[in-house]
Every structure is written in structure tokens, then in C-alpha cells.
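I have placed the structure first, in the form of C-alpha cells, so that the comments after it can refer back to it.
The values are calculated or read from the model by the stated rules, or taken from the named source; none is laboratory data. Because the structure is predicted, anything quoted here is derived from the model rather than measured. Using ideal geometry, Cβ is built from the backbone for each residue, glycine included, and neighbour counts are taken over all protein chains shown. To get the accessible areas, we keep the full protein, side chains included, count just its heavy atoms, and leave off ligands, DNA and RNA. Shrake-Rupley method; radii C 1.70, N 1.55, O 1.52, S 1.80 Å.
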Amino acid sequence: MMDPDLPLAVTHEVRDRCLCLQAQRAARALARRFDEALRPLALTNGQFSLLMSLNRPHAPRVGDLAPLLAIDRTTLSAALKPLQRRGLVVSEPDPQDARGRRLKLSDAGRALLKQAVPVWRRMHAAIDAEIGEARAHRIHRDLDELVKSQAANDGAHGAGRG
């Protein structure tokens, strides 16, 4: 029995209007496609992104990666463990902070990324062909604006703390 204060029309409104729901659905659909493409390399799209975030001249700290990947440190640490067990990522003491750790790609991690990049490029090309390159660029730009807006909002709310 429907609650008169929560009619089916509200469910339809959320289904048709909720940006969060649509973004989650789109993210899951994209993740499935990239996971399938990267499966022959025994990588998920999240692992690919994490490995790629380590492809830089100086080894970052875990705290440097968490905002980039939009995940908390605990989740990031858990995601790193299978990559470390596979010998793709190495954790080293931070020379400037004895309590901290720096992360870097191993030679095996770099070699796997070299294999994965063409797979990633092919999948992006397929998506661009499917929805149009201009539309894909627009979606990327719009999502980036949302992320920047949230980061600015988070910064404004955190400014008075401490």
C-alpha cells in the first residue's frame, strides 16, 4: 500500500531528475566496460587508475593520491594491497617523514601499464565513436566542473576548522 505522503510520483521524480542516481548508473556502466576490456590483463578499471596515478617522476604519499582518486585513505590502502602483493606497487619510507610512506610503480607495474594503455585507448575510442567525441568531451568537462565545485565547497566548509 502506497503512503499518500510518498506517492509513486516521487519515485518517478527521483528516477528522472536525480543527478547522483544517473551518475552512479553511468559510472557502473562505464566501469563494467573498462573492467571487461582490462580483464585479460587481470586489472580492473580502478586498479588501472590507481596504477596510472603512480606514473609520475616522484613517488607520492597515500594522502596525495586519495583526493585525486576521490577515495578515502582507508579505501585506498585496501585497494593498494592486491597491487603490492602482485609486485606492481612498492611502498617505501618517506625520506622527509619517518611516519609516512611513498608509493611507486615497480618495473612489473610499469610494464603492465604499458600493456594496459592501448586497451584503455581502444575502449575510449569505442565510446567516443558511440556517443561522439564532442559529446564525450562535454560530459568530461561537465563532470570535472562538478568535482571542482564540490572541492571548492569542501574547502569553504573546512576553512573554519582546526
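Before moving on, here are some points about what is shown:
- Selection from region 25-35 of residues that are open to solvent by less than 70 Å² (accessible area, probe 1.4 Å) and under 25 Å from residue 150 (Cβ atoms): 26, 27, 29, 31, 34
- Residue within region 6-24 that is closer than 22 Å to residue 114 by Cβ, in a helix (DSSP H, G or I), open to solvent by 40 Å² or more (accessible area, probe 1.4 Å) and among the small types (Gly, Ala, Ser) present: no
- When residues in region 25-56 are screened for being part of a loop (DSSP other than H, G, I, E, B), within 17 Å of residue 114 (Cβ to Cβ) and not aliphatic (A, V, I, L, M), 2 of them pass.
- Answer from 59, 79 - the residue that is assigned to a loop (DSSP other than H, G, I, E, B), open to solvent by less than 90 Å² (accessible area, probe 1.4 Å) and touching a residue at least 12 places away in the same chain (Cβ under 8 Å): 59
- Taken together, the criteria place residue 68 among residues that are free of Cβ contacts under 8 Å to residues at least 40 places away in the same chain, open to solvent by 60 Å² or more (accessible area, probe 1.4 Å) and either on the phi < 0 side of the Ramachandran plot or aromatic (Phe, Trp, Tyr) (or both).
- A count restricted to region 43-56 and to residues that are farther than 15 Å from residue 104 by Cα and free of Cβ contacts under 8 Å to residues at least 24 places away in the same chain stands at 2.
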